[in-house]
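Asker: Sending over a structure as C-alpha cells; questions will come in a sec.
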Amino acid sequence: MAILKRRAPRKRRIVKLENHRGIHWPPGAEPNPPWVGPTSEFPNPLLVTLGEVELVKGSKDSERHLRLTGTYDGNLYRTSFTVDDPALLFNLFELLSKRAGETIGAIGGQMVDLSLKPLPAGRAA
C-alpha cells in the first residue's frame, strides 16, 4: 500500500509595497532621483499623483528602469525608478500602470507578495 503525502499550500509572504525589500519606495526620494518639473521645487513624493509609467530598456550607459510621470500642484513632474532585483521590474511596471490616478502614498500602501504581484481582490493580509 502506497503512502500518499499531501502538500499544504505555501503561504505567500505579503508586505506593503512601500516595505518591499527589493525596491526603494517612494519613487522620487533617495536613493532614487527626485521628481523634476517646471519649477525648482522638489515635490513631496508621497503627494505626487501617478500619471504614466514607461519601461525603459537599458543601454551601455544606463540600466533598465521605469520612467514615471505624475502631477503635483497642477504641474507635470518626472522621475526614474529602479529596483535592486531586475526580475521585479516588469511586475512593478504592470502594478504601477494599473494604479495611474492615485497618489504615490496610496500606491505604497498596497499589499503585494515578494514578486510584486498584488493580492487577489477581497483577500486581506
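Asker: Starting from the range 25-53, keep only residues that are loosely packed, with under 15 Cβ neighbours inside 10 Å and at pLDDT below 95, then list their pairs with residues that are hydroxyl-bearing (Ser, Thr, Tyr) and in a loop (DSSP other than H, G, I, E, B) whose Cβ atoms are within a distance under 9 Å, requiring at least 6 positions of separation or different chains.
Answerer: Correct list of pairs: Pro31/Thr82.
Asker: Go through Leu68, Leu76, Leu119, Leu88 for me and flag whichever is touching a helix residue (DSSP H, G or I) at 6+ places or on another chain (Cβ under 9 Å) and of a type in the set (A, V, I, L, M, F, W, C).
Answerer: Values: Leu76 fails: touching a helix residue (DSSP H, G or I) at 6+ places or on another chain (Cβ under 9 Å); Leu119 fails: touching a helix residue (DSSP H, G or I) at 6+ places or on another chain (Cβ under 9 Å); Leu88 fails: touching a helix residue (DSSP H, G or I) at 6+ places or on another chain (Cβ under 9 Å).
Selected residue: Leu68, the only one of Leu68, Leu76, Leu119, Leu88 that is touching a helix residue (DSSP H, G or I) at 6+ places or on another chain (Cβ under 9 Å) and of a type in the set (A, V, I, L, M, F, W, C).
Asker: Just for the range 56-71: of the residues that are in contact with a strand residue (DSSP E or B) (Cβ under 7 Å, 6 or more places away or on another chain) and not charged (D, E, K, R), which one is surrounded by the most Cβ atoms within 10 Å (Cβ to Cβ)?
Answerer: Here is the first cut: in the range 56-71, the residues in contact with a strand residue (DSSP E or B) (Cβ under 7 Å, 6 or more places away or on another chain) are 56, 64-71.
Adding the requirement that they be not charged (D, E, K, R) leaves 56, 65-66, 68-71.
Details: Val56: 16, His65: 21, Leu66: 20, Leu68: 24, Thr69: 17, Gly70: 26, Thr71: 17.
Applying the filter and picking the extreme gives Gly70.
Asker: What number of residues within the range 113-125 satisfy the criterion of being surrounded by 12 or more Cβ atoms within 10 Å (Cβ to Cβ) and either in a loop (DSSP other than H, G, I, E, B) or modelled with pLDDT of 95 or more (or both)?
Answerer: To start, the set of residues in the range 113-125 that are surrounded by 12 or more Cβ atoms within 10 Å (Cβ to Cβ) comprises 113-119.
Filter once more, so that each one left must be either in a loop (DSSP other than H, G, I, E, B) or modelled with pLDDT of 95 or more (or both): 114-117, 119.
Total meeting the criteria: 5.
Asker: Being assigned to a strand (DSSP E or B) and among the hydrophobic types (A, V, I, L, M, F, W, C) is the filter here, so list the residues in the range 35-68 that pass it. If you could, list the steps in order and put the result at the bottom.
Answerer: So in the range 35-68, the residues assigned to a strand (DSSP E or B) come out as 36, 49-56, 65-68.
Listed by number, the residues that qualify are Val36, Leu50, Val53, Leu55, Val56, Leu66, Leu68.
Asker: Quick one: count up the residues across the range 76-94 that are at pLDDT 95 or above and among the hydrophobic types (A, V, I, L, M, F, W, C).
Answerer: The qualifying residues number 3.
Asker: Applying the selection to the range 77-105, what residues are more than 15 Å from Arg64 (Cβ to Cβ) and surrounded by fewer than 14 Cβ atoms within 10 Å (Cβ to Cβ)?
Answerer: Listed by number, the residues that qualify are Lys98, Gly101.
The values are calculated or read from the model by the stated rules, or taken from the named source; none is laboratory data. Values in this document were obtained by computation on a predicted structure and should not be read as measured data. Cβ sites come from the backbone with ideal geometry, for glycine too, and all protein chains shown count toward neighbours.
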